[in-house]
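Visitor: Sharing a structure here in structure tokens format.
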């Protein structure tokens, strides 16, 4: 190659580099905010990206996703949310109740799409499901409202357990409501309810020691990100202490838990992804009513049931969406 041709080629290439960089910088950025651990959330991320894809967005091609997890250190959450605001992301996706409340508190201008397992009106996220107004809307799935049903189902499975436990994360904005509903359900069933709190791995271990001291014979696990991230730990502890337990999502029986009843949280991530995509297309949060993910499933693990000596009544088995054998 002649020297002049080489210089011309080099000059053209160098001119193209900043253009490519500028093109990359023009991609809209979605701030992905969540408590818990990213390592335990791959299925939720995949569902979220699938929802984005349904609206025509693919990570790295025409959208960038900035993932921010607390890694189970929730005192970092406000700083993570504020940093997304400083970065001027196009949309903030808040993947749980605590993240949603935090995101709403740090911005009134950036659209916030939430995915919560309770009533967003009660959480103060929106004034109305049909008319959210402001910069916040999203997806709500039936987690809190199924708490009392979980207690009834567990009572069917272990009718001789007169003392039941409820494990909650006291840092969850819905913990007080969930506890009150569980207490009302226990009273109607004539059961004694022992409420124990845990907000990290060490406290989960300690909570089972407390449950044993209080002679708890069956356990309801409340819905929360910290518990979802620690589902294997919870299943192992329940097996070690021979406590039949019911969980809020199907991932727990897959990890060795006895049974679960609740909404499909991964499906809620997918729905929320479609809403984030619509924000990127130019829709406004106030114009999009809160979606409600209503797919609820009962999953029973008969392998664990045999190990715990639990015999499920046919009426309960017949209602199961899936039985693990």
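Visitor: Condition first: at pLDDT below 95, under 18 Å from the mean Cα position of the chain (by Cα) and either surrounded by fewer than 17 Cβ atoms within 10 Å (Cβ to Cβ) or in the same structural domain as residue 202 (by TED's automatic domain parsing) (or both). Can you find one or more residues in segment 93-108 that meet it?
Guide: No, segment 93-108 has no match at all.
Visitor: Can you work out which of the residues in segment 213-240 that are out of contact with any helix residue (DSSP H, G or I) (no Cβ under 7 Å at 6 or more places or on another chain), part of a helix (DSSP H, G or I) and modelled with pLDDT of 95 or more is farthest from residue 308 (Cα to Cα)?
Guide: For segment 213-240, the residue satisfying everything is 213.
Visitor: Does segment 258-280 contain at least one residue that is free of Cβ contacts under 8 Å to residues at least 40 places away in the same chain and surrounded by 22 or more Cβ atoms within 10 Å (Cβ to Cβ)?
Guide: yes
Visitor: Please go through segment 284-317 and pick out each residue that is assigned to a loop (DSSP other than H, G, I, E, B) and either under 20 Å from residue 120 (Cα atoms) or modelled with pLDDT under 95 (or both).
Guide: Listed by number, the residues that qualify are 284, 288, 289, 290, 294, 295.
Visitor: Cβ-Cβ under 7 Å, sequence separation 6+ or interchain: first residue in segment 304-325 and without any contact (Cβ under 8 Å) to a residue 40 or more places away in the chain, partner assigned to a helix (DSSP H, G or I) and buried (at least 17 other Cβ atoms within 10 Å of the Cβ). Which pairs?
Guide: As it stands, the answer is 323/302; 325/302, since those pairs meet every condition given.
Visitor: Residue 229 - would you say it is surrounded by fewer than 24 Cβ atoms within 10 Å (Cβ to Cβ), under 17 Å from the mean Cα position of the chain (by Cα) and within 18 Å of residue 169 (Cβ to Cβ)?
Guide: Here the answer is yes, as residue 229 does meet what is asked.
Visitor: Quick test for you: out of 138, 124, pick the one residue that is under 21 Å from the mean Cα position of the chain (by Cα), closer than 28 Å to residue 183 by Cβ and outside the structural domain of residue 177 (by TED's automatic domain parsing).
Guide: Checking each option against the conditions leaves just 124.
Visitor: Right, next: Limited to segment 149-163, what total is found for residues that are touching a helix residue (DSSP H, G or I) at 6+ places or on another chain (Cβ under 6 Å) and either at pLDDT below 85 or crowded, with 19+ Cβ neighbours inside 10 Å (or both)?
Guide: So the answer is 2.
Visitor: Quick one: residue 129 ticks every box in (1) touching a residue at least 40 places away in the same chain (Cβ under 8 Å); (2) outside any loop (DSSP other than H, G, I, E, B) bar one, so which box is it?
Guide: Checking residue 129 against (1) touching a residue at least 40 places away in the same chain (Cβ under 8 Å); (2) outside any loop (DSSP other than H, G, I, E, B), the one that fails is (2).
The values are calculated or read from the model by the stated rules, or taken from the named source; none is laboratory data. What you see is a predicted model, and the numbers here were worked out from it, not measured in a lab. In this analysis, Cβ positions are derived from the backbone assuming ideal geometry, glycine residues included, and neighbour counts consider all displayed protein chains.
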